[in-house]
Amino acid sequence: MKKILFSLVIITIQACSDNTIRHSKTNISNSNNVNLKLETNIPQSLKISQSRLNCAQFNLDVENNMLCTYWKDSKKFKEAIEIQDYETYSSLIEAQELSPVEYNFFATTEIYYKNQKHKAKIFPNSRVELSDGNKVLNLICNKDSCSKPFLWGFATESIIKANPKLADVMMNKLSYIYNYNYKKYLRDKNSQVVRNKIAVKVYFNNQYLDDTSYVIRFVDKVAPLKNAIQEYLNGLTIEEKNLGFESNNFGNNSFTVKIEDNIAKIHFTANDLTTDLRSSQQIIDFNHSIRMTAEQFNTVDSTEIYVNNSYNYQMAFLANEESIDCPF
């Protein structure tokens, strides 16, 4: 009986030992498989969250700086670009012929591409420039799935012919960003309260916004109409210029205003019309801005504008018509 029990114990120990060895071999095999998979499948995507972008380093103009800042702050900058789907071009000239717009700013990062590490420049028009220290590769993605992290996607001439709206994609994006920034500006201004002042609308031309766009100024409660027009003559702040506003004033450095029968009669004195008055469109835009600024007040139903004692100053200057004197 003892011999039988001893034999069973030996068999049990041997079986456990065999199972342990087999289990250990299985773990080693699985571990090797995992390592092999990691070595042969290095990620081919670019993590935007790891990218670096400093718009100030590029010395950009107002519009490009606005685009750069918007791109950096947008959710798209944190998305991944699947660059394994990109088309490769060894020549930048070749890439530029296909990509209709180039930009003076880009983000930088490092990325694995085809199992090799590269330094990467990421441009807002779906172009990525890779460098391994010896050569440069330019990649362009023309698939919707690849364009998501960019300000707008890449489009060839044939794609634009099929969808003409894509030709204006940059202007549409600019308009969207201007409107986005303008709404934020209005929210900030409308939340402000300045003691002993009232908020007034001062209208300026803005090609990216609609005809009723304005800036907000805080003026004394006494004579708000006069103060609002004076704010127009004071010109634009840097913040307002960055929002796309333009002044169409032509040297009107002083004025008088009075309201009669709900009509705002405004007489400007201009320095030199031959120098400051450039076009009939400038006059149209100026008149529109002054009228909109004046007629925001309940006491004003309409506006009459005079310049240098002339009622028809625009026609007198541009068409050499006989000047009609200001009646007051």
ask   = What would the Debye formula give as log10 I(q)/I(0) at q = 0.13 Å⁻¹ for the alpha-carbon point model of the range 248-328, no solvent?
value = -0.38
message = Below 8 Å between Cα atoms, with a sequence gap of 6+, how large is the relative contact order for the range 171-328 in percent?
response = 18 percent
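For the range 124-269, would you read off the P(r) tail past 23 Å as a percentage of all alpha carbon pairs?
Value for the range 124-269 (Cα pairs over 23 Å): 57 percent.
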ask   = Taking the simple approach of a point 7 Å from Cα along Cα-to-Cβ for both Q84 and K183, what is their distance in nm?
value = 3.8 nm
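Just check the range 282-328 against the gyration tensor rule for me: Cα atoms, a ≥ b ≥ c as the square roots of the eigenvalues, rounded for a/c under 1.5, and otherwise prolate or oblate depending on whether a/b exceeds b/c.
Because a/c hits 1.5 or more and a/b fails to exceed b/c, the range 282-328 counts as oblate.
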Computed Kirkwood radius, in angstrom, where 1/r is averaged over Cα pairs of the range 182-328 = 16.1 Å
ask   = Got a sec? Which residues in the range 214-251 would a label at T269 touch, if it sits 7 Å along Cα→Cβ and we count backbone N under 20 Å?
value = 226-235, 249-251
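Distance cut-off 24 Å, Cα to Cα: go down the list K72/K201; K76/K161; K121/K165; K189/K258; K75/K173; K78/K165 and report the pairs above it.
Those over the limit are K72/K201; K76/K161; K121/K165; K189/K258; K78/K165.
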key: All Cα pairs of the range 149-221, percent lying beyond 17 Å   = 60 percent
key: Of all accessible heavy-atom area on the range 117-198, the percent that carbon and sulfur account for (1.4 Å)   = 50 percent
query = Using r as the Cβ-Cβ distance of K72 and E157, and R0 as 22 Å, what FRET efficiency do you calculate, to the nearest 0.05?
reply = 0.15
Sulfur and carbon atoms: percent of accessible area, the range 234-325 [1.4 Å] = 45 percent
message = Among N206, Q192, V169, which residue has its Cα furthest toward the positive end of the charge dipole of the range 130-262, with +1 on Lys/Arg Cβ and -1 on Asp/Glu Cβ?
response = Q192
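The values are calculated or read from the model by the stated rules, or taken from the named source; none is laboratory data. On a predicted model such as this, the values are computed, not experimentally measured, just so you know. Every residue, glycine as well, gets a Cβ built from its backbone with ideal geometry; the counts of neighbours run over all protein chains shown. The area values use the complete protein model at the heavy-atom level, side chains included, leaving out ligands, DNA and RNA. Shrake-Rupley method; radii C 1.70, N 1.55, O 1.52, S 1.80 Å.
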